[in-house]
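The values are calculated or read from the model by the stated rules, or taken from the named source; none is laboratory data. These numbers come from a predicted model, not from an experiment. As a convention, Cβ positions derive from the backbone with ideal geometry for all residues, glycine included, and neighbour counts pool all protein chains shown. Note: accessible area is taken over every heavy atom of the protein model, side chains too, but ligands, DNA and RNA are not part of it. Shrake-Rupley method; radii C 1.70, N 1.55, O 1.52, S 1.80 Å.
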Amino acid sequence: MISIVVPAYNEAALLGATVRDLVDGLRAIGEPFEVHIVENGSTDGSPAVAARIAEAVPEVETHTMRVANYGEALRTGLLASRGDVAVIFDVDFWDLQLLLAALEVLDAADEPRGPVTGAGSHRAPGQSADHQVAPSLAAARFLTHAPAVSVLNAPAPPRTQPRDHRPRCP
């Protein structure tokens, strides 16, 4: 089974469409899956949107946190995951082609090789393209030398809506 963890902080405007598209894409792959929406202390109605999605879609579970904490949201979702493979997708940054490529890397290994990571980032308004690529390349180079880690580096898909780049934690 594939477990998808989706942390959501003030993503009410995108959450419904994102999860619908994500679930449709995962169903088309034909592998069993689950999606964990971890509502991360939102103030914009994200908890209600997440709850409605979970009621309507059997593969989706929600987890609600009172305080915004991205790391704890990831931890919560990963600990709740029951799949053999766990993937973290942000509401506004997910790519099923990258997931399929990662699964191919895992399936091609003679033995389990540990995590497969995808590196990609989006450019914040006003930043140069070099600033956008540098963190991805640095992460990919570092992880390539880590034992038992496979790295996929893919360009980030375009955003559907500008992102609020303020810090997520109070």
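With every protein chain present, what accessible area does VAL85 have (1.4 Å probe, heavy atoms only), rounded to the nearest 10 Å²?
For VAL85, solvent-accessible area is about 30 Å².
If amide H atoms are built 1.01 Å from N in the plane of the peptide, which residues on other chains or at least 5 residues away come under 5 Å of the amide H of ILE4?
When sequence neighbours closer than 5 places are left aside, the close amide H contacts are GLU34, VAL35, HIS36, VAL87.
Is the shape of the range 1-106 best called rounded, prolate or oblate, per the rule: a/c under 1.5 gives rounded, else a/b larger than b/c gives prolate, else oblate, with a ≥ b ≥ c the square roots of the Cα gyration tensor eigenvalues?
Verdict is prolate for the range 1-106.
Using packing as a proxy for protection, rank 26-38, 58-70 so that the peptide with the highest average count of other Cβ atoms within 10 Å comes first.
26-38, 58-70
Expressed as a rounded percentage, what relative contact order does the range 1-86 have, with Cα pairs under 8 Å and six or more residues apart?
After rounding, I find 43 percent.
Taking the Kirkwood radius as the inverse of the mean 1/r across Cα pairs, report the Rg/Rh of the range 44-87.
0.98
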